[in-house]
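The values are calculated or read from the model by the stated rules, or taken from the named source; none is laboratory data. Please read all numbers here as calculations on a predicted model, not as lab measurements. As a convention, Cβ positions derive from the backbone with ideal geometry for all residues, glycine included, and neighbour counts pool all protein chains shown.
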Amino acid sequence: MPNIDWNYEIQRRQEALMRDLSSLLAIPSVKDLSTAGPGAPLGAESARALHYVLDLAAQHGLQVVNHEGIVGYAAYRGEVGRNDAMDTNGTADARKPEDYIAVLSHVDVVPATGDWTSSPFVPEIRDGRLYARGAIDDKGPTMAALYGLLIVKELGLPLRHQVRLIIGTDEETGMNCMEVYNRYERPPLAGFTPDADFPIVHAEKGQVNTRMTLRFDGESGEHSVPASVDAPPLRLRAFRSGTAANMVPDAAEAVVSGSAADLNSLALTLQAFCADRGLEGGFVGVSGEITLHMKGKSAHGMVPEHGNNAGLRLLEFLDAQSFAGHDARFIRGAADLLAGDTAGEALGIASRDDAMGALTVNVGLLQYDPAAPEGYFHLNIRFPSCIHGEQIVDTLHARIAPYGFELSPPIIKPSHLVPADHPMIRTLQTLYTEQTSAEAILLSTGGGTYACKLPNCVAFGPLFPGELDTAHQPDESISIDSLMKATAIYARAIYELANLDYSAPCEGRAQR
């Protein structure tokens, strides 16, 4: 490998990187189908963020391709494509010009809910950290990867294989952008996504995304709760909590009607409930109706135990009140099967293994409106390799049926694993240790990244061990020093992976 000071190369470009990143962070690229149109299937701002990165790459001389306004890539070919080339042993080189190494990132972001110190889409630097929605997930790492590739290009380094920076716009809401990519493009030899933790995440939990639905076209279920004989029941007119399936809701709202005396009692009971549990709640009353509010703590859906689900806390409170019919079933289903249980014990699906840890359940969306066809709880379940998604679905069907709930057609993503002896893994371990002087242990995650959508791909940074993870939270931020350090690592990783001989036994290093 050439004698390159990767840290110095990024220091020379830090001002430009921060300028370009700030412009990207200012784009509120939350999925918004109300502004969708030709070339912008997920909304105008998502498409604008994709165009911004591709246009920036093109300005630096990279080849860019945009597929349907939902996914694209910037490619650098270097000196690849010489079919008459000879390898280091003097024999014909088996590399193909269409072979490539992938770096996968995304420019869509989750909604900027909660209380922010500064505007989420007006980037601000405070105490060495850059604050904005997307700073750590995944716009900051996207720009780090782009600048890592530009360093390789501007240094004129020879490459055995071309490199593609793949940019998606639907990572947070289904990864359909990668399905589009796979329809157009062949898979890479190997690759990484800068969308998790350092050192190397080589194993990802599987996922089941589905909804517990309560239909309003008839009375059903064994757990209906009768109205009190002493007082008319309260009525649940609406319930709303959550903005994204893969976030722990930090706010909830319930609209309840009833007599003035019952509503006054409900308000006082809520105050006592919150005081006993250290929660923050409140109410706004009008004639014959009261709106209850509850605050919780947001967290990424892969670690729901780190948050406090405001929707489930409010439903726990309502479960102790007097409701009947569908209102009671909706509330009781949440209280019995979901509240206070992020491990799936009450649902009968709890499991764990040594490689991936415990199954988790996040209830990210909670909706109830008697005027609608159904109410529902969206379940984002992340499971280890010791259990299969189909097994989870079968158990859920049986568990929720007595409560009158049905299961919507699930989306199942299998678990993902790249073996520890893969040549890319050993190469990344070696360069990470040399760049950081830290051991490059292999990790697993409950998070779902683009790595699972292409073969031989792993998650590689950007969060260093011990750093605060602010993804999906108010005041999301990234350490500027860590961002520069990660950029240097990505530049070297791109160079080494693009020069690795994937047909030969792994020696733990790139071919030089």
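Summary of computed values
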| quantity | calculated |
| --- | --- |
| From Ser228, Ser265, residue being at pLDDT below 95, farther than 20 Å from Asp369 by Cα, in contact with a Ser or Thr (Cβ under 8 Å, 6 or more places away or on another chain) and in the same structural domain as Ser298 (by TED's automatic domain parsing) | Ser228 |
| Matching option when the condition is β-branched (Val, Ile, Thr), in the same structural domain as Val248 (by TED's automatic domain parsing) and either part of a loop (DSSP other than H, G, I, E, B) or within 23 Å of Asp250 (Cα to Cα) (or both), among Val393, Val361 | Val361 |
| Residue list for region 288-319, restricted to those being part of a loop (DSSP other than H, G, I, E, B) and either within 16 Å of Phe377 (Cα to Cα) or touching a helix residue (DSSP H, G or I) at 6+ places or on another chain (Cβ under 8 Å) (or both) | Gly288, Gly296, Ala299, Gly301, Asn309 |
| Residue in region 45-65 that is part of a loop (DSSP other than H, G, I, E, B), buried (at least 17 other Cβ atoms within 10 Å of the Cβ), in contact with a Ser or Thr (Cβ under 8 Å, 6 or more places away or on another chain) and not acidic (Asp, Glu) present | no |
| Residue within region 420-431 that is at pLDDT below 95, of a type in the set (S, T, N, Q) and under 18 Å from Ala190 (Cα atoms) present | no |
| Matching residues, region 273-289, being surrounded by 10 or more Cβ atoms within 10 Å (Cβ to Cβ) and either closer than 18 Å to Ala252 by Cβ or not assigned by TED's automatic domain parsing to the domain that holds Arg235 (or both) | Phe273, Cys274, Ala275, Arg277, Leu279, Glu280, Gly281, Gly282, Phe283, Val284, Gly285, Glu289 |
| Tabulated pairs, region 461-490, first touching a residue at least 12 places away in the same chain (Cβ under 8 Å), second assigned to a loop (DSSP other than H, G, I, E, B) and polar (S, T, N, Q), C-beta under 6 angstrom, 6+ apart or interchain | Gln473/Ser298; Asp475/Thr117; Glu476/Thr470; Ser477/Thr470 |
| Which listed residue, of Asp108, Asp127, Asp115, is at pLDDT below 95 and acidic (Asp, Glu) | Asp115 |
| Lone unmet requirement of (1) in contact with a helix residue (DSSP H, G or I) (Cβ under 6 Å, 6 or more places away or on another chain); (2) in a loop (DSSP other than H, G, I, E, B) for Leu431 | (2) |
| From Ala355, Ala371, Ala350, Ala343, residue being in a loop (DSSP other than H, G, I, E, B), touching a Gly at 6+ places or on another chain (Cβ under 7 Å) and either surrounded by fewer than 23 Cβ atoms within 10 Å (Cβ to Cβ) or not assigned by TED's automatic domain parsing to the domain that holds Thr210 (or both) | Ala350 |
| One residue from Ala310, Ala324, Ala299 being out of contact with any strand residue (DSSP E or B) (no Cβ under 8 Å at 6 or more places or on another chain) and in the same structural domain as Leu234 (by TED's automatic domain parsing) | Ala324 |
| Neighbours by Cβ (under 6 Å, 6+ apart or cross-chain): first from region 59-80, farther than 18 Å from His161 by Cβ; second polar (S, T, N, Q) and part of a strand (DSSP E or B) | Gly72/Asn66 |
| Subset of region 1-11 (residues that are surrounded by fewer than 13 Cβ atoms within 10 Å (Cβ to Cβ) and either in contact with a helix residue (DSSP H, G or I) (Cβ under 8 Å, 6 or more places away or on another chain) or not in a loop (DSSP other than H, G, I, E, B) (or both)) | Tyr8 |
| Residue list for region 432-461, restricted to those being more than 30 Å from Ser503 (Cβ to Cβ) and touching a Ser or Thr at 6+ places or on another chain (Cβ under 9 Å) | Gly446 |
